[in-house]
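Chemist: Structure incoming, see below.
Only the coordinates and a few stated rules stand behind these numbers; no lab work does. A quick note: this is a predicted structure, and the numbers were derived from the prediction, not measured. For neighbour counting, all protein chains shown are included, and Cβ atoms are generated from backbone atoms with ideal geometry for every residue, glycine included.
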Amino acid sequence: MLKRIAITVFVLCCLMCAARAEVTVGAARTAEYLPMLRGKRVALVCNHTSVVDSVHTLDMLLNAGIDVRLILSPEHGFRGTAAEGQTVDDSVDPATSIPIFSLYGKKKGAARLAELPDDIDVIVFDIQDVGMRFYTYYINMIETMEWARSHNREYVVLDRPNPWGMKVDGPILDMKLRSGVGRLPVPVIHGMTLGELARMAVGEGWLEGKAGTDSLRLKIVTCTGYTHSTRYKLPVWPSPNLRSMQAIYLYPSLCLFEGTVMSVGRGTDSPFTIFGHPNMTTADSTYTPTRFVAAGKALFSGRKCVGVDLSNIASEVLIARGLNLQYVIDAYRNKGMRRHSKEFFKPFFNLLIGNRRVRAMIESGCTAEEIHDTWREDVEQFNERRKPYLLYPL
């Protein structure tokens, strides 16, 4: 009995030590990448999350004498203050006078990158992602990788942990529904860091466009102290409406409401931890969205919404549930929402979930479990397919 207790205590201590293990992000490992950047003209794909102990990666590079010619900024802009989907114009960083080339301007994708100056030797990517197929930062990575390959340029990813790296869940994208919120044939929760995803995109031949004379010269600067079971708390919130780990753990499920008539709490102090609608009934909370900078134009601004507050669900429960369709199903079948049944789903829903089948199954009365079973085998196959590209222990 005492031996069993001792073993249990030892295991718990190991788990506690693992939980406290310090993660060092790729950007902090300067000895691994500064030598390869010296004497080269660098374009840095970055935003407000590109920091190491409150020091921006741009400043680290400049202080090390690296010739950063251009900043490439994603959705939400270089400072991370623009609302979701908001067009961001080119500008100049006032602190460094370096031009900022927006990847989320009036033009996007290949059309925008065709305007990228060609006096760049290497592109460095350093942005914190949240691990969802419909979160747009990885798309900027893929598109700039394609530019680098077509122009025979080097590409360096300064890797960062995936806060959803412990889970793979959701349907794989039907590539007929490829869009600005879905680019690669991966599940909604793909469970990979962007460094791993970059490796997989190259290895699986997912990069598009004409290749140069060489294959992409890709370098991943890995994290240390990170595994796919690490519960990594983001030091900087990745976008204006993801402002807590609770919101990030609810994001794969609640983001689907963006393709419906429902509110996800934009315009409140707790976006992506609640959902509701002015006509909902038998729910457990109320809230009134207001318009403010981080939310842009909030849905139902100034109107009281009846909804469901999910802020107190334990994070481990949310992780275990993964992509949980029960919230959407409950809202769709809510008595007060019956008058909205025909317009409840918008075309955007299919782009977010990545296929047309899920919406049809919800409308036909299927349970969350029945729908989840439709992608179980695909997830298992994806887990096998991604193994050669993983950089960190599971």
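Chemist: Between His228, Thr144, Leu352, whose Cα lies farthest towards the positive end of the dipole of the chain when Lys and Arg beta carbons carry +1 and Asp and Glu beta carbons carry -1, centred on the Cα centre?
Modeler: The listed residue farthest towards the positive side: Leu352.
Chemist: Distance between Cα centroids, segment 93-155 to segment 167-185: provide it in whole Å.
Modeler: That distance is 20 Å.
Chemist: May I pose another question? Which one, Leu390, Val156, Leu177, is farthest towards the positive end of the dipole of the chain when Lys and Arg carry +1 and Asp and Glu -1 on their Cβ?
Modeler: Toward the positive end, the furthest listed residue is Leu177.
Chemist: Two decimals is fine: what is log10 I(q)/I(0) at q = 0.18, 0.22, 0.23 Å⁻¹ for segment 227-341, from a Debye sum with one equal scatterer on every Cα and no solvent?
Modeler: -0.90, -1.28, -1.37
Chemist: Give the span of segment 66-116's Cα atoms along each principal axis, as three whole-Å numbers ordered largest to smallest.
Modeler: 30, 26, 14
Chemist: Excluding Leu173 itself, calculate the net charge of residues whose Cβ lies under 10 Å from the Cβ of Leu173, where each Lys or Arg counts +1 and each Asp or Glu counts -1.
Modeler: Working: positive: Arg133, Lys176, Arg178, Arg183; negative: Asp174.
Result for the neighbourhood of Leu173: +3.
Chemist: Relative contact order (percent) for segment 26-234, with alpha-carbon contacts under 8 angstrom and 6 or more residues of separation? Each step should come with its number before you reach the end.
Modeler: Working: 409 pairs, mean separation 42.7, N = 209.
With pairs under 8 Å counted, the relative contact order is 20 percent.
Chemist: If you take the Cα atoms of segment 26-234, find Rg, then find the Kirkwood Rh from the mean of 1/r over all pairs, what is Rg/Rh? If you can, show how the numbers build up before the last one.
Modeler: Numbers: Rg = 16.0 Å, Rh = 17.3 Å.
Result: Rg/Rh = 0.93.
Chemist: May I pose another question? If we restrict to alpha carbons, what Rg and Dmax does the chain come to, in Å?
Modeler: 21.7, 70
Chemist: Okay, next question. At a Cα cut-off below 14 Å, give the aspartates and glutamates reachable from Lys342, other chains included and same-chain residues fewer than 8 away excluded.
Modeler: Output for Lys342: Glu363.
Chemist: Summing +1 for each Lys or Arg and -1 for each Asp or Glu, what net charge is found among the other residues whose Cβ lies under 13 Å from the Cβ of Arg291?
Modeler: On the way: positive: Arg266, Lys297, Arg303; negative: none.
Once positives and negatives cancel, what remains is +3.
Chemist: A further question on this structure: Could you tell me what a quarter of the Cα convex hull surface of segment 305-373 works out to, in nm² with one decimal place?
Modeler: Values: hull surface 22.1 nm².
Seen from a random direction, the Cα hull of segment 305-373 projects 5.5 nm² on average.
Chemist: Continuing with the same structure: Compute the semi-axes of the equivalent ellipsoid of segment 192-257, taking the square root of 5 times each eigenvalue of the Cα gyration tensor, and list them largest first in whole Å. Present the calculation step by step, with values, prior to reporting the outcome.
Modeler: On the way: eigenvalues 181, 58, 24 Å².
Value: 30, 17, 11 Å, ordered largest first.
Chemist: Taking segment 308-379, which GluC sites (Glu not before Pro) meet the DSSP loop condition and have no more than 15 other C-beta atoms within 10 Å?
Modeler: On the way: sites: Glu316, Glu343, Glu363, Glu369, Glu370, Glu377; in loops: Glu343.
Here the sparse-neighbourhood loop sites are Glu343.
Chemist: Dividing the alpha-carbon radius of gyration of segment 122-221 by 2.2 N^0.38 Å (N being the number of residues), what value is obtained? Before the final figure, lay out each step's value.
Modeler: Working: Rg = 12.9 Å, N = 100, 2.2 N^0.38 = 12.7 Å.
In units of the globular-protein estimate, segment 122-221 measures up at 1.02.
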